[in-house]
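The values are calculated or read from the model by the stated rules, or taken from the named source; none is laboratory data. Predicted, not measured: the structure shown is a model, and the values here were computed from it. When we count neighbours, we look across all protein chains shown, and the Cβ atoms used for this are built from the backbone with ideal geometry, even at glycine.
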Amino acid sequence: MIRFYNSITQKKEDFVPITKGKVKLYTCGPTVYDNAHIGNFRTFLFEDFLKRTLLTLGYDVYHVMNITDVDDKTIKKSNTEKKSLKEITNYYISNFKDDLKSLSILPPDQFPRATDHIDQMIKMIQVLIDKGYAYPTDEGSVFFAIDSYKNYGALSNIDMKQVVRGERVISDEYNLDNPSDFALWKAYKKEDGNVKWDSPWGPGRPGWHIECSAMSIEHLGSHFDIHCGGVDNKFPHHENEIAQSICATNKPFVNYWMHCEFLIVDGGKMSKSLGNFYCLNDLIDEGMTIEEFRYIALSSHYRSKVNFTLDKKYEAKMAIQRITELKDRLEEFEESESDDLPSDADNFISALENDLDSPAALAVLFEWLRKTNAKLDKNEFSKSDIQKGKHFITFFNSIFGVLYEKFEIPKNIIELVKKRERARKNNDWAKSDEIRKELNINGWNVKDTPTGPKITQK
């Protein structure tokens with residue numbers, strides 16, 4: 001049975017979905033005021049890893065990832081760029097979806113935008129007011145009264161008896177030691193420009209926290225299985241989500257909360273001023289492949305920090321090459337892939353079922369690689385072993401998604417390889433070496449095998 005660390009209980013628990021075999025999953029998506037950076041993508045890759053694991057183990061997963069397209073940051077960006085909110089957010093939504101595709105992150109089933117769910121938010125806020133959990137102000141804002149919810153602080157482990165209440169907070173994002181009544185609806189101000197909607201309390205816009213509650217409930221129902229995000233979302237965002245959702249519906253809301261740790265760079269926080277701030281295109285410019293970044297992000301346990309350095313691309317490249325080389329060795333045999341897995345896969349699966357222990361799963365895989373290569377060297381691998389081995393690599397990659405995509409070899413490179421083969425047949429080793437060097441210069445490697453030359457990108 002698969003077990004997950006539940007942030008709200010602070011312990012590993014057996015995963016029991018509300019409906020047998022089916023998983024309703026909500027993940028906090030991007031705030032689309034800028035391009036996402038690699039720290040953001042560490043969290044999105046963890047969520048993809050979780051989803052892929054559940055799918056591969058036979059669960060039916062329904063996944064919703066929201067888009068925050070109205071908040072303080074998006075409005076500020078709109079004002080700075082002197083463009084409409086929709087122009088700004090559409091641009092960054094498009095970029096984000098392109099990045100997800102580049103990273104081979106499985107798309108969600110639903111990609112709801114906050115601005116398409118304003119009516120649901122207003123209705124939810126009104127319910128909270130009617131029940132006595134929220135209150136409007138004279139200027140037209142609405143705040144959630146955290147004292148009205150007795151379990152406030154359970155997720156972020158805040159002891160409400162030991163803290164001093166802060167002032168009301170109108171800002172969408174804050175990180176204070178002291179909890180505060182937070183904005184559900186924000187009265188219109190002139191700096192909001194054209195960004196406003198009518199409401200029973202006057203023109204304005206929703207607060208950030210109510211957006212996720214309204215969207216998750218709309219698409220997954222008031223009670224669902226798993227809610228994910230980065231550790232920075234625990235407080236105040238997820239804490240506030242829990243309070244307002246349970247108070248509005250009188251239902252449990254979410255069974256399992258899962259949070260991904262930070263990605264740090266060169267031992268510290270990413271900073272543009274320090275020159276260690278990276279988006280995906282920056283990594284590519286530095287010679288790192290998308291697959292290598294996926295490997296780096298997933299090779300550490302999701303509840304542990306990842307210390308990212310550009311030099312880790314070499315370690316990732318070597319690891320991926322080891323897997324790919326065995327895959328190529330097995331593909332030299334004509335046997336089809338089996339539906340069965342080698343016995344080593346049992347420990348691989350057990351590691352994943354133990355709170356997605358990716359380092360332990362990779363350790364199992366590489367030990368199997370070592371043993372398999374040794375058997376192949378000695379011609380001790382049976383037909384069944386080959387079939388199961390092929391399936392294990394496919395099974396592994398369906399979860400980790402780190403093997404390089406199939407590439408199209410340019411015609412001029414194919415011709416060079418053919419020319420080199422003719423030189424080899426004529427024992428013209430000098431010419432053969434000359435062509436190999438030319439291939440290397442153009443970014444290609446050639447490996448001689450019993451079944452002919454194998455061409456790979458450098």
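General remarks:
- Meets criteria (touching a Leu at 6+ places or on another chain (Cβ under 8 Å) and within 26 Å of N250 (Cα to Cα)) for I118: no
- Any hit, region 309-322, residues being in a loop (DSSP other than H, G, I, E, B), surrounded by fewer than 18 Cβ atoms within 10 Å (Cβ to Cβ) and touching a residue at least 24 places away in the same chain (Cβ under 8 Å): yes
- Boolean, S398 is touching a Lys or Arg at 6+ places or on another chain (Cβ under 7 Å), touching a residue at least 12 places away in the same chain (Cβ under 8 Å), surrounded by fewer than 16 Cβ atoms within 10 Å (Cβ to Cβ) and assigned to a helix (DSSP H, G or I): yes
- Test for I296: is it part of a helix (DSSP H, G or I), among the aliphatic types (A, V, I, L, M), more than 30 Å from V231 (Cα to Cα) and at pLDDT 95 or above: no
- Selection status of L326, more than 24 Å from D355 (Cβ to Cβ) and either in a loop (DSSP other than H, G, I, E, B) or at pLDDT below 95 (or both): no
- Cross-chain or 6+ apart pairs with Cβ under 7 Å, region 12-27 first and free of Cβ contacts under 8 Å to residues at least 40 places away in the same chain and over 22 Å from N233 (Cβ atoms), then basic (K, R) and not in a loop (DSSP other than H, G, I, E, B): D14/R3
- Test for V306: is it farther than 22 Å from T43 by Cα, outside the structural domain of K97 (by TED's automatic domain parsing), among the β-branched types (V, I, T) and modelled with pLDDT of 95 or more: no
- At least 2 residues being loosely packed, with under 14 Cβ neighbours inside 10 Å, touching a Phe, Trp or Tyr at 6+ places or on another chain (Cβ under 9 Å) and modelled with pLDDT under 95 is the threshold, and among the strands (runs of 3 or more DSSP E) wholly inside region 97-189 not one reaches it.
- Members of region 344-385 found to be in a helix (DSSP H, G or I), over 23 Å from G58 (Cβ atoms) and among the small types (G, A, S), listed by number: A363, A374, S384
- Against the conditions (1) touching a residue at least 40 places away in the same chain (Cβ under 8 Å); (2) within 26 Å of S299 (Cβ to Cβ); (3) of a type in the set (G, A, S), S384 satisfies every one except (2).
- Extreme residue, nearest to L298 (Cα to Cα), among residues of region 354-378 that are surrounded by fewer than 18 Cβ atoms within 10 Å (Cβ to Cβ) and in contact (Cβ under 8 Å) with a residue 60 or more places away in the chain: P359
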